[in-house]
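Peer 1: Dumping the structure here so I can ask a few things about it.
The values are calculated or read from the model by the stated rules, or taken from the named source; none is laboratory data. Bear in mind that the values here come from a model prediction, so they are computed numbers and not experimental data. Here Cβ is always computed from backbone atoms with ideal geometry, including for glycine, and neighbour counts include all displayed protein chains. Quick note on the areas: whole protein, heavy atoms, side chains included, nothing else; ligands and nucleic acids left out. Shrake-Rupley method; radii C 1.70, N 1.55, O 1.52, S 1.80 Å.
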Amino acid sequence: RVRRGLERIDEEIARDGRAALERMPVHPRHSRHLPAALRDALVADAALHSPEGVARTMRFTVPPSSVRERVEELRVPTLLVLSTREERFADHAKFAREKIPGLEVLELDAGHAVNLECAAGFDRGVVDFFSRAHRRDEPGV
């Protein structure tokens, strides 16, 4: 399913170039919650990326198969950062909560760009998570 979606996006990028990238829902120009200066900076940065480079990155960095059937094998501390306003990933989050052993979930009031929209909460949550994970790995703990 993922691979078919990527193939469709790859075809759109080959056909429409930069316009295809700008239509993608995750393009920063569609953000409604980022501060204007940050959104403008991200839009300017996105303009520096070649459509072909984005397509190749997606083609060669997204695994061709799902790991869903293996997540129950995880034996390392795992943090899932969720934004309360991002509904597209609700089914994936539900799956993760049900299947990943010992999963810690951090929910923040943000949209898709949770690490940008709620940077302080994101940073604090990640640092706290790694601090707890490090303490668990210490001898005698």
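Peer 1: Please work out if Ala133 is in a loop (DSSP other than H, G, I, E, B), among the small types (Gly, Ala, Ser) and more than 30 Å from Ala14 (Cα to Cα). Can you show your working first?
Peer 2: On the way: in a loop (DSSP other than H, G, I, E, B): no; among the small types (Gly, Ala, Ser): yes; more than 30 Å from Ala14 (Cα to Cα): yes.
For Ala133, the condition - in a loop (DSSP other than H, G, I, E, B), among the small types (Gly, Ala, Ser) and more than 30 Å from Ala14 (Cα to Cα) - is not met.
Peer 1: So how many residues does the stretch 78-104 have that are open to solvent by 50 Å² or more (accessible area, probe 1.4 Å), within 20 Å of Arg32 (Cβ to Cβ) and of a type outside the set (S, T, N, Q)?
Peer 2: 5
Peer 1: Something else: Condition first: assigned to a helix (DSSP H, G or I) and open to solvent by 40 Å² or more (accessible area, probe 1.4 Å). Now tell me which residues in the stretch 13-26 satisfy that.
Peer 2: Kept after step one, since they are assigned to a helix (DSSP H, G or I), are these residues of the stretch 13-26: 13-16, 18-23.
Matches in the stretch 13-26: Ala14, Arg15, Asp16, Arg18, Ala19, Glu22, Arg23.
Peer 1: Of the residues Glu69, Glu107, which is without any contact (Cβ under 8 Å) to a residue 40 or more places away in the chain and loosely packed, with under 13 Cβ neighbours inside 10 Å?
Peer 2: Residue meeting the stated conditions: Glu69.
Peer 1: Residue check: is Arg23 among the charged types (D, E, K, R) and over 11 Å from Ala113 (Cβ atoms)? Give the derivation first.
Peer 2: Values: among the charged types (D, E, K, R): yes; over 11 Å from Ala113 (Cβ atoms): yes.
Yes.
Peer 1: In addition: Which of the residues belonging to the stretch 32-49 are among the charged types (D, E, K, R) and either part of a helix (DSSP H, G or I) or open to solvent by less than 60 Å² (accessible area, probe 1.4 Å) (or both)?
Peer 2: Arg39, Asp40, Asp45
Peer 1: Which of (1) in contact with a helix residue (DSSP H, G or I) (Cβ under 6 Å, 6 or more places away or on another chain); (2) loosely packed, with under 15 Cβ neighbours inside 10 Å; (3) over 23 Å from Arg85 (Cα atoms) does Arg29 not meet, given it meets every other one?
Peer 2: (3)
Peer 1: Residues in the stretch 110-122 that are crowded, with 16+ Cβ neighbours inside 10 Å and either assigned to a strand (DSSP E or B) or at pLDDT 95 or above (or both): how many?
Peer 2: Final tally of qualifying residues: 2.
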